[in-house]
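Chemist: Quick one: this structure, given as structure tokens, is what I'll be asking you about.
The values are calculated or read from the model by the stated rules, or taken from the named source; none is laboratory data. As the structure is a computational prediction, the values presented were derived from the model and not from experiment. As a convention, Cβ positions derive from the backbone with ideal geometry for all residues, glycine included, and neighbour counts pool all protein chains shown.
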Amino acid sequence: MNEMTTIARPTTLKDWETDQEVRWCPGCGDYAILKAVQRTMPEIGTAPENTVFVSGIGCSSRFPYYMETYGFHTIHGRAPAFATGLKLANPELDIWIVTGDGDGLSIGGNHTMHLIRRNLDCQIMLFNNEIYGLTKGQYSPTSRVGTTSPSTPYGSVDRPAQPAAFALGAGARFVARGFDVSKELPNVLKAAHAHKGAAFIEIFQNCIVYNKDVFEDFAAPKGAEDRQLWLKQGEPMVYAKGTKGIALDAEALHLKTVDVVDGDWEAAGVIVHDVTNRSVAHMLVEMRFGEFPMALGILYDDPRPTFEADVVRQNKAAAEGKKADLQGLLKKGQTWTVTEGGPEL
Amino acid sequence: MATAVEDRADGERQSPLSDAVVVRFAGDSGDGMQLTGGQFTLSSALAGNDFATFPDFPAEIRAPQGTLFGVSAFQINFGSSAIDTAGDAPDVLVAMNPAALKTNVPQLKPGGLIIADEGEFNDRNLAKAKYDANPLEDGSLAKWQLLKLNISQLTMDAVKPFGLGNKEALRCKNMWTLGLALWMFDRDRQPLVDWLNAKFAKAPDLAAANVAALNAGHAYGETAELAGPLKQHHVDPAPVAPGLYRTLTGAEGIALGLVAGAQLSKLPMFFGGYPITPASAILHHLSRLKEYDVTTFQAEDEIAAICSAIGASYGGSLGVTSSSGPGIALKGEAMGLAIMTELPLVIVNSQRGGPSTGLPTKTEQSDLYQAVYGRNGDAPMPVVAARSPGDAFECAIEAVRIAVQYMTPVMLLTDGYIANAAEPWAVPDLTTYEAFPVEFLTEVPEGGFKPYGRDEKLARPWVKPGTPDLLHRIGGIEKEVDTGHINYAPGNHQAMTDIRKAKIDGIKVLDQVVELGAEGGKLAVVGWGSTFGPIHQAVRRQRAQGADVSHIHIRHIWPLPANLGELLKSYDKVIVPEMNTGQLKTVLRDQYLVDAKPVNKVSGQPFTIAEIESAIEEALA
């Protein structure tokens, strides 16, 4: 988010749509995410001209073309680096990075890590569909073991990266999760924007051509209450209509699921979600779906000073009281003057 | 280099120590030879000599003491007339240990003087330098004059009153040596004394010990003069135009030129860099210049360095990145994006020996193909090459000018030799430089806003994000003419490829001049970059002997000056000395169908004047 971007001029969803024909496959989860973002922007009240969408390469990275803002579709994996230079050049801009599991965690994993550890003020939307879509269906760094694809006809053997755990491990101060068609997604985006610093959002996205319904086990509307844990600040971590909850096994130091009887979550030892609790956040991002519900919403949110603010502050302090006298600078160092009488210091 | 207003070099020098002298200080990496050389350089400047230097140090940070690969050397050529190179063969070699002697003595001129610290020629050091016998004793140095001094002991004696430990006392050896060198060339010690006192202001004992060592070395020269080969020699000042001078390295020249370019274009500068030898010095210089509206960013890798710079250019800053060959290779894809999105950017390549890691601390000019051709697709990009530290200042400004006026990335080539070498530089008057302020597009122009519309130079408008009413998207996918929308149509790609090429081909650069000699004749020696010095001096000497030879030195490698083809065709023969296997030669043959012949050297060392002279003689034979 950016403090400077709040403006009086109201916008509507239409103001954020471009005249470009959207070129994703019919039924792609990206459409839902695009709509969610376009619906959220008027609500957070930023100005389109102060907003920049920066992307890498991949299906998700076509996103900027469809947002009536400034946009930069860059090269594979490097969007965080472009965003860093752009934000340092103009800290007033509100920057959204759009990336995918291949773009942001494979070819660009290094940049994602450094953007997060530096804590550049921006929103990072990582569309995770567990597949390379634009290159026609190869397995990706988040594909589950055994994924068959053109490049892994006998099934993939390498263990997948976990985006939220990766982000938190890199030092993220904001980690959230949502999925393409979730009605909660705009709220997640709003919270990410409200966070000053690098806000990392993993968005599960359904690639209907190459990895159809891979998230159906938790994203399907039917039975969703039993499989989704929507985290809310200050509220107990309960799901399944309040009949189950997440508690801490204090001896083994890990989370466990407990039954909540008659709504008495306290008696069951259910934890109250505190978005600033980093230890619990580490456990939430590692929670294995199946044994546990899928943790969604704001997993962690505890701001720290941002990179660009510190750079600006240091630049100002270092320049304090000094004049930009280039002619004077040229004359510095080991100098001497040649006169008719010869050289002298 | 060549600040002297009048050239007095006239063919072969009669006496080895006459109007110009070459001194080489060589020692272990820890002996402080670069510092000694730097201070001797200042003293040469104050004596009014013209000079050029060549620091030659190992890639290892702290190579094991006494080893052959741990030798660090600094060569200076100073004289009373124009000096173009750091000199071919040294007249004087100061060898602080056996390894320094072994690696450097082969280059010493026959009859030249060796000053050796015999205190370091013990069994252990001789073994490390792989000497079977002590060369100071076995007569193997007979073709040179040898002065053996126990510099270690003499230094220890001189600094004894200051109660330093053995190790600290021995660190003063380089000042003792410098003191002796100052006496040899009749130099004033006071500026060095002042410098030492300032340097060790917080440790007065160290200051006093170093001054004592300096004085002792000087006094040794005075008293020992009559005994042996040591003679005092005075080199007259070179006739130099009055004005303010300073020493300037190439890295300083680039950094200052970039700042000047940013000021002339009225832009803040953003510099994205990643540590790499020998380019890091530019990042170091710029990171201290915050008050000049310079933001420096040490990125996580070379790719992030250039991408952040492009991001900053997109945001309205002057984006700059810098590296050496291996890092430039990593930046290739991003350069293509800057070409496609038509954003200004300056990419500095401080070339070093390649391929791969190659020779990180040695010089080479082998990235010319990479600069001109090294990207995927038809991706034309201007290339400017600096010939010397002072010229690097001018070239940096030129690179910025082209980048912002034509909305294009520009490659600025320098090399390890220019980056580290120092030369006297007449401080320019900035008011004499014409400003080229950038005008961003801030409102919808008449006829509507076209992100890929063009001005008379074929440059597209530069719009800063944050500007109302000019919202648009850019990216690496082929752009539609004018609108900049994604467009894969065959005709559109042809049109855009043609436009990108025409824009770069149409860049206005100054006509090529002949540096020395005449337009037309028997032979042109065509160079670029840091070979300027040896080519210039060699052509001057050959002309003094009556040879019909001219020197042409190309700054604009791409696009080439409009008159260059005709100019080259006005000579019977063209030779192209390069520190590579013939890269500019290939470009010239391709562009002009001239029979340019290569003269190549890829030893990690600059050309000597003699090598170029032989090439000229051979071509004219």
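Chemist: Please list, ordered by residue number, the helices (runs of 4 or more DSSP H) wholly in the range B:134-253 having 1 or more residues that are loosely packed, with under 15 Cβ neighbours inside 10 Å.
Modeler: Details: elements: B:151-159, B:166-170, B:173-184, B:190-199, B:204-224.
Once the helices (runs of 4 or more DSSP H) in the range B:134-253 are filtered for at least 1 residues that are loosely packed, with under 15 Cβ neighbours inside 10 Å, what remains is B:151-159, B:166-170, B:190-199, B:204-224.
Chemist: Say whether the condition of being surrounded by 13 or more Cβ atoms within 10 Å (Cβ to Cβ), in contact with a Lys or Arg (Cβ under 8 Å, 6 or more places away or on another chain), away from every other protein chain (no Cβ under 14 Å) and among the charged types (D, E, K, R) is met by at least one residue in the range A:287-302.
Modeler: Scanning the range A:287-302, I find at least one residue that is surrounded by 13 or more Cβ atoms within 10 Å (Cβ to Cβ), in contact with a Lys or Arg (Cβ under 8 Å, 6 or more places away or on another chain), away from every other protein chain (no Cβ under 14 Å) and among the charged types (D, E, K, R), so the answer is yes.
Chemist: Going residue by residue through the range A:56-77, is there one that turns out to be under 17 Å from the mean Cα position of the chain (by Cα), more than 23 Å from B:Glu478 (Cβ to Cβ) and surrounded by 20 or more Cβ atoms within 10 Å (Cβ to Cβ)?
Modeler: No.
Chemist: Let me ask something else. How many residues are part of a loop (DSSP other than H, G, I, E, B) and closer than 30 Å to B:Ala73 by Cα when one looks only at the range B:423-440?
Modeler: Quick first cut of the range B:423-440, residues part of a loop (DSSP other than H, G, I, E, B) only: B:427-429, B:433-440.
If we keep only those that are closer than 30 Å to B:Ala73 by Cα too, we end up with B:427.
The qualifying residues number 1.
Chemist: Is it true that A:Gly155 is over 30 Å from A:Leu93 (Cβ atoms) and free of Cβ contacts under 8 Å to residues at least 40 places away in the same chain?
Modeler: Details: over 30 Å from A:Leu93 (Cβ atoms): yes; free of Cβ contacts under 8 Å to residues at least 40 places away in the same chain: yes.
For A:Gly155, the condition - over 30 Å from A:Leu93 (Cβ atoms) and free of Cβ contacts under 8 Å to residues at least 40 places away in the same chain - is met.
Chemist: If A:Gln205 satisfies all but one of (1) touching a Phe, Trp or Tyr at 6+ places or on another chain (Cβ under 8 Å); (2) more than 28 Å from A:Ser143 (Cα to Cα), what's the number of the condition it fails?
Modeler: Among (1) touching a Phe, Trp or Tyr at 6+ places or on another chain (Cβ under 8 Å); (2) more than 28 Å from A:Ser143 (Cα to Cα), the lone unmet condition for A:Gln205 is (2).
Chemist: Answer yes or no: is there a residue in the range A:99-107 that is under 22 Å from A:Thr40 (Cα atoms), at pLDDT 95 or above and more than 10 Å from chain B (Cβ to nearest Cβ). Show your work before the answer.
Modeler: Initially, the range A:99-107 is screened for residues under 22 Å from A:Thr40 (Cα atoms), giving A:99-100.
Of the ones still in play, those that are also at pLDDT 95 or above are A:99-100.
Then keep just the ones that are more than 10 Å from chain B (Cβ to nearest Cβ); that gives A:99-100.
The answer is yes; a qualifying residue exists.
Chemist: Let me spell it out: the conditions are (1) part of a helix (DSSP H, G or I); (2) without any contact (Cβ under 8 Å) to a residue 60 or more places away in the chain, and B:Gln537 meets all of them except one. Which number is the exception?
Modeler: (2)
Chemist: Something else now. Residue by residue through the range A:40-62, note down the ones that are assigned to a helix (DSSP H, G or I) and not β-branched (Val, Ile, Thr). Explain how you work it out, then say what you get.
Modeler: Kept after step one, since they are assigned to a helix (DSSP H, G or I), are these residues of the range A:40-62: A:40-44, A:48-50, A:60-62.
Answer for the range A:40-62, where residues must be assigned to a helix (DSSP H, G or I) and not β-branched (Val, Ile, Thr): A:Met41, A:Pro42, A:Glu43, A:Pro48, A:Glu49, A:Asn50, A:Ser60, A:Ser61, A:Arg62.
Chemist: Can you tell me which residues in the range B:301-327 are under 14 Å from A:Leu88 (Cβ atoms) and not in a helix (DSSP H, G or I)? Don't jump to the end; show me each part of the working.
Modeler: Within the range B:301-327, the subset under 14 Å from A:Leu88 (Cβ atoms) is B:304-305, B:307-321.
B:Gly315, B:Gly316, B:Ser317, B:Leu318, B:Gly319, B:Val320, B:Thr321 - these are the residues of the range B:301-327 that are under 14 Å from A:Leu88 (Cβ atoms) and not in a helix (DSSP H, G or I).
Chemist: Right, another one. Test of understanding: among B:Val211, B:Val259, B:Val240, which residue is more than 14 Å from chain A (Cβ to nearest Cβ) and touching a residue at least 12 places away in the same chain (Cβ under 8 Å)?
Modeler: Numbers: B:Val259 fails: more than 14 Å from chain A (Cβ to nearest Cβ); B:Val240 fails: more than 14 Å from chain A (Cβ to nearest Cβ).
Criteria check complete, one pass: B:Val211.
Chemist: Further question on the same structure: If we scan the range B:490-507, do we find a residue that is assigned to a loop (DSSP other than H, G, I, E, B) and either within 33 Å of the chain's Cα centre (by Cα) or surrounded by fewer than 17 Cβ atoms within 10 Å (Cβ to Cβ) (or both)?
Modeler: Our first condition is that a residue be assigned to a loop (DSSP other than H, G, I, E, B); within the range B:490-507, this holds for B:506-507.
Subsequent filtering for residues that are either within 33 Å of the chain's Cα centre (by Cα) or surrounded by fewer than 17 Cβ atoms within 10 Å (Cβ to Cβ) (or both) retains B:506-507.
Looking through the range B:490-507, at least one residue is assigned to a loop (DSSP other than H, G, I, E, B) and either within 33 Å of the chain's Cα centre (by Cα) or surrounded by fewer than 17 Cβ atoms within 10 Å (Cβ to Cβ) (or both).
Chemist: Related question: Based on this model, can you work out whether B:Glu443 counts as away from every other protein chain (no Cβ under 13 Å), part of a loop (DSSP other than H, G, I, E, B) and surrounded by fewer than 17 Cβ atoms within 10 Å (Cβ to Cβ)? Let's see the steps before the verdict.
Modeler: Working: away from every other protein chain (no Cβ under 13 Å): no; part of a loop (DSSP other than H, G, I, E, B): yes; surrounded by fewer than 17 Cβ atoms within 10 Å (Cβ to Cβ): yes.
Criteria not met by B:Glu443.
Chemist: Given the criterion within 24 Å of the chain's Cα centre (by Cα) and either at pLDDT 95 or above or within 10 Å of another protein chain (Cβ to nearest Cβ) (or both), identify the matching residue among B:Ser265, B:Ser313, B:Ser317, B:Ser287.
Modeler: B:Ser287
Chemist: Further, regarding this structure: Would you please list the contacts, defined by Cβ atoms under 6 Å and residues six or more apart or on different chains, that run from a residue in the range B:353-366 that is aliphatic (A, V, I, L, M) to a residue that is part of a strand (DSSP E or B)?
Modeler: Matching pairs, first to second residue: B:Leu359/B:Gly353.
Chemist: So, B:Asp590, is that one in a strand (DSSP E or B) and more than 26 Å from the chain's Cα centre (by Cα) or not?
Modeler: On the way: in a strand (DSSP E or B): no; more than 26 Å from the chain's Cα centre (by Cα): yes.
In short, no.
Chemist: While we're on this one: Checking A:Ile75 against (1) closer than 16 Å to A:Leu126 by Cα; (2) at the interface with another protein chain (Cβ under 7 Å from one of its Cβ atoms); (3) not in a loop (DSSP other than H, G, I, E, B), which single condition isn't satisfied?
Modeler: Of everything listed in (1) closer than 16 Å to A:Leu126 by Cα; (2) at the interface with another protein chain (Cβ under 7 Å from one of its Cβ atoms); (3) not in a loop (DSSP other than H, G, I, E, B), A:Ile75 misses just condition (3).
Chemist: In addition: State whether one or more residues within the range B:415-422 are part of a strand (DSSP E or B) and away from chain A (no Cβ under 12 Å). Steps first, answer last, please.
Modeler: First, the residues of the range B:415-422 that are part of a strand (DSSP E or B): B:415, B:422.
Restricting the remaining residues to those that are away from chain A (no Cβ under 12 Å) gives B:415.
Checked the range B:415-422: at least one residue is part of a strand (DSSP E or B) and away from chain A (no Cβ under 12 Å).
Chemist: I've got another one for you. Within the range B:298-307, which residues are under 16 Å from B:Thr408 (Cα atoms) and either within 7 Å of another protein chain (Cβ to nearest Cβ) or touching a residue at least 60 places away in the same chain (Cβ under 8 Å) (or both)?
Modeler: Correct list: B:Cys307 only.
Chemist: For residues that are among the acidic types (Asp, Glu) and within 19 Å of B:Val259 (Cα to Cα), tally how many sit in the range A:278-332. Give the derivation first.
Modeler: We begin by selecting, within the range A:278-332, every residue among the acidic types (Asp, Glu); these are A:286, A:291, A:301-302, A:308, A:310, A:320, A:325.
Next cut, within 19 Å of B:Val259 (Cα to Cα) only: A:320, A:325.
Of the residues in that region, 2 qualify.
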